[in-house]
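Beneath this line is the structure, given in structure tokens, with notes to follow.
Please treat every number below as a calculation from the coordinates, not as lab data. On a predicted model such as this, the values are computed, not experimentally measured, just so you know. In this analysis, Cβ positions are derived from the backbone assuming ideal geometry, glycine residues included, and neighbour counts consider all displayed protein chains.
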Amino acid sequence: MSSEKTTLPAHVVIREVGLRDGLQSIATILPTAKKLEWIRDAHAVGMREIEVGSFVPARLLPQLADTAELLAYAKTLPDLFASVLVPNLKGAERAIEGGADLLLVPLSASHVHSLANLRKTPDEVVQEVTRIRAARDAAGSKTLIEGGVGTAFGCTLQGRVEPVEVLRLMQALLDAGADRVSLADTVGYADPKMVRDLFEQALRIAGDRFWCGHFHDTRGLAMANVYAALELGVARFDASLAGIGGCPHAPGASGNASTEDLAYMLASMGLTTGIDMQGLLALRAKVAEWLSAETLHGTLWRAGLPKTFAAA
């Protein structure tokens with residue numbers, strides 16, 4: 001074992017994705033007023049990056065039909081970095097028009113999952129990013145483009161996904177004009193060693209253009225996987241309040257990393273997030289009431305904060 005002391009990032013950003021990744025995966029359609037309240041409260045407790053929705057046809061995901069309204073509201077909140085997911089050029093044009101700070105284009109390294117989820121091959125998604133970059137530049141927009149490589153550690157439909165293919169596609173996204181890239185364990189297959197091995201190589205390729213780690217807690221390893229990435233210097237992670245979320249084309253992939261559990265772990269370790277834990281737990285309780293018919297996840301809400309807890 002190495003005896004080298006690991007220096008963890010002093011400040012870590014949690015990007016809340018419950019309003020998109022979470023809500024798209026459950027039956028409950030949350031009223032727009034409740035979503036606006038969620039954004040407002042999340043901002044009030046210190047969250048500064050929120051994925052507010054996705055520009056996809058309402059007939060496909062009626063849960064996210066009000067994304068334009070949510071984005072417009074998010075833009076009124078000071079220092080809030082608002083992102084949206086877009087599957088294609090049409091969605092990207094709406095994100096650019098709405099003044100999104102960042103648009104995320106999902107790419108699945110699993111060819112089988114890519115066809116099921118986006119009806120495109122991974123390389124066709126790369127070509128779409130080229131068109132999105134051209135449209136962004138032509139519009140004179142400052143919206144950042146993030147290429148997110150999903151199923152980076154395996155796929156419930158395809159099985160094994162070769163790391164060399166993940167890295168090839170990540171490089172291709174950068175070459176196509178993506179400003180940022182990220183890696184996602186869409187189906188919860190990763191373990192800390194897998195994270196270390198793949199993220200080390202990804203960071204060598206992308207450097208400071210590597211943006212985010214996205215982990216699912218499907219098999220109880222999300223926090224361990226976050227820690228493995230932290231040790232490499234990764235300082236931004238996606239998470240979803242109450243651990244809601246998954247992927248409709250990845251059977252069994254329910255449960256993103258829980259925002260409140262992740263925020264607690266980081267704060268307990270002395271890393272700053274800017275998030276007020278008591279306020280976050282209060283928001284979690286509110287969202288749990290709104291989603292009372294759904295299966296929620298996470299563990300901190302059961303036990304509460306320890307008496308010894310002091311936020312960094």
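Restricting things to Cα coordinates, could you compute the convex hull volume per residue of segment 38-171 in Å³?
Dividing the Cα hull volume of segment 38-171 by its residues yields 120 Å³.
Wrap a convex hull around the Cα atoms of the chain, take a quarter of its surface area, and give that in square nanometres.
If you wrap the Cα atoms of the chain in a convex hull and average its projections, you get 15.1 nm².
Rounded, prolate or oblate: which fits segment 70-130, taking a ≥ b ≥ c as square roots of the Cα gyration tensor eigenvalues, rounded meaning a/c under 1.5, else prolate when a/b beats b/c?
Prolate, because a/c is 1.5 or more and a/b exceeds b/c.
Which value in Å is the Kirkwood Rh of segment 149-306 over different Cα pairs? Walk me through the intermediate numbers first.
Details: mean 1/r = 0.0615 Å⁻¹.
Kirkwood hydrodynamic radius for segment 149-306: 16.3 Å.
Going by Cα centres, segment 281-312 and segment 60-119 are how many Å apart?
A separation of 27 Å, based on Cα centres.
Measure off 7 Å from each Cα along the Cα-to-Cβ vector at E124 and A44, then give the distance between these two points in nanometres to one decimal.
Using points 7 Å along Cα→Cβ, the separation is 4.5 nm.
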